[in-house]
Amino acid sequence: MFKTKNLFLILIFISSFANAATSYISDDLHTFIHSGPGTKYKIIGSVNTGDRIEIIRKNSKYTLIKDSKGRSGWVNSKYISAQPGLKERLPQLETQLIKVQAQLDEYKTNIESQDNKLEKLENINLTLNKQIEEIQILNANLNDKLDTKKNDLLMRWFSYGGMVAGGGLVLGLILPYLIPSRRKKSRW
């Protein structure tokens, strides 16, 4: 029987180490440590919000803990959290906030710089579009003048050709009468 009790105590001792994990009292309030698993047991102290504790054993509603002062006692399980308290997390969050704000300021500066570049590019684009429109109008006017010149040139060549043909026809009809021919006129 003595061996069974020792074996049972060793198993409880080993299981308490297996369950030992670092946890925290939640930030909602401070809570009392009781000598047993319930509020009917004597209050042996209190644990402040965010204090680091070690879980020794769990019950359905209460957990046996060991606090940072080395006291062991029972606390309502709903007040235990696996997340560190605000007093531990706040400095880390503030550091992260500063880094994020610095990155945000850098991004804002980059965005403003990009906005300025974009505005300059839009102005250049508008100027170039106006120049393209002016060049297209000038090109259309020059094409119209070129077409007019081609038509005038063609008309001039047709006129010269017509005068040469008309002059040749007139000469062809008048010259035989002006130059005496050697043929006899009686051949008819």
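Only one of 48, 143, 76 is polar (S, T, N, Q), loosely packed, with under 14 Cβ neighbours inside 10 Å and either at pLDDT 90 or above or touching a strand residue (DSSP E or B) at 6+ places or on another chain (Cβ under 9 Å) (or both); which? Walk me through how you get there before you give the answer.
Values: 48 fails: loosely packed, with under 14 Cβ neighbours inside 10 Å; 76 fails: loosely packed, with under 14 Cβ neighbours inside 10 Å.
Going through 48, 143, 76 in turn, just one is polar (S, T, N, Q), loosely packed, with under 14 Cβ neighbours inside 10 Å and either at pLDDT 90 or above or touching a strand residue (DSSP E or B) at 6+ places or on another chain (Cβ under 9 Å) (or both): 143.
Just one of the listed residues (126, 171, 178) is surrounded by 10 or more Cβ atoms within 10 Å (Cβ to Cβ) and modelled with pLDDT under 95, and it is 171.
The values are calculated or read from the model by the stated rules, or taken from the named source; none is laboratory data. Computed from a predicted model, the values in this text were never measured in an experiment. Here Cβ is always computed from backbone atoms with ideal geometry, including for glycine, and neighbour counts include all displayed protein chains.
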